[in-house]
Every structure is written in C-alpha cells, then in structure tokens.
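The values are calculated or read from the model by the stated rules, or taken from the named source; none is laboratory data. Because the structure is predicted, anything quoted here is derived from the model rather than measured. Cβ placement follows ideal geometry from the backbone for every residue including glycine, while neighbour counts extend to all protein chains displayed.
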Amino acid sequence: MSTQKSGKVILIGYRATGKSTVGRLLAARLGVDFLDMDKVIVEREGCTIEAMVAAHGWPYFRERERRLLRELVDRGPLVVATGGGAILHQDLWAALMKSGLVVWLAADQCTIRKRLAKDGRNRSQRPGLTKAGTQAEIEAVLAEREPLYAKGCHLTIDTGRQSPAATVAAIIQALGQP
C-alpha cells in the first residue's frame, strides 16, 4: 500500500469521535506533522466556523474544505484530522485513499452526544449542521455518512470502546510499525 511510502494517515469520522486528540498523539508517535483541517480553514478565513457558516452558509465552508483536501492528496508524511463532513467530497476520495491510510474513527450515538455536551468548543467550532436538536441531527447525519465512512476507509476503530492511546497503537500496528 502506498501508505507506508507516503507516511500519511487521514482520520475520518463524525464530530467528537477523537480525530484531533488521536491525530495529535499519532503524529507525535510517528514524528510527523499534524494538521487539523478545521483549524487550518479557520486560520485561513480569519473567523470561526460558526461565523463563516452564518455569513456564507455551509456550501462556502465545504468549498474551503474541498480545496484543502485537494492540497493534501500530494502531501507527504502527515497525520490529518478531517472535518466530519470531509467524506462528502466523494470525487476526491479515491485519490485520498491512494495517498495514505484512511482510518474511520467511529463511536456510538450516545458517546458522541455525551462528548459534544462536554466540549466547550461545540458552538463556535461545531455549529449545527441542521435545524434539528442534537440527537436528531446525530441520527440523521450518521445515517447519511456512515455508509460513506465505511466505504472510504482502510481501517475502522471504535473510539467509544477504547482510549486514544489504544487507538493510536491500533493505527501504528496497521501501518506495520513497531
């Protein structure tokens, strides 16, 4: 697999499944850079995701996300925490899967809801995707995205059932590293 050659790991999954936490730990363990896509987009735009979406709508944010995903296809050793909706850019997904190891960090709805409730960044960094309440939104969005996550990854890890350190160890093992 080209993953070993590129040294790139792309973490996908719904909000609050541990992509940023695991990504930072994994990058440190591998000795490569870590890139949180949402943070890069916020830095480039000079405003929060909430403000961006309020001013321009979700399509505007998704286009910035698409541009960054295109850039990442050709990047070398790196750990990437994608935004939860990055998987919606299906036209780019085959190239991303060829460019590195794609790992779906999954969690059950109850775990996601609890993590979102505890996360202080929830409003500014994770604005609502729908007008529905949290539980209804989680159910609807997961119903749409889970088939895409499943099809668009090399490895699935349930982060609701293990620690970030155990998740990192599983990814290291999948990479064939000691």
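Filter the stretch 142-160 down to residues that are among the hydroxyl-bearing types (S, T, Y) and within 16 Å of G100 (Cα to Cα) and give me whichever is surrounded by the most Cβ atoms within 10 Å (Cβ to Cβ). Applying the filter and picking the extreme gives Y149.
Only one of the numbered conditions (1) surrounded by 14 or more Cβ atoms within 10 Å (Cβ to Cβ); (2) at pLDDT 95 or above is violated by D91, and that is (1). Quick check: is even one residue across the stretch 112-125 closer than 23 Å to L25 by Cβ, crowded, with 17+ Cβ neighbours inside 10 Å and at pLDDT 90 or above? Yes: the stretch 112-125 contains one or more residues that are closer than 23 Å to L25 by Cβ, crowded, with 17+ Cβ neighbours inside 10 Å and at pLDDT 90 or above. Residue count for the stretch 58-84, restricted to those that are buried (at least 19 other Cβ atoms within 10 Å of the Cβ) and part of a loop (DSSP other than H, G, I, E, B): 3. Would it be correct to say that I41 is within 15 Å of the chain's Cα centre (by Cα), surrounded by 15 or more Cβ atoms within 10 Å (Cβ to Cβ) and within 23 Å of Q162 (Cβ to Cβ)? The answer is no for I41. Counting the residues of the stretch 28-43 that are assigned to a helix (DSSP H, G or I), within 18 Å of R67 (Cα to Cα) and touching a residue at least 24 places away in the same chain (Cβ under 8 Å) gives 5.
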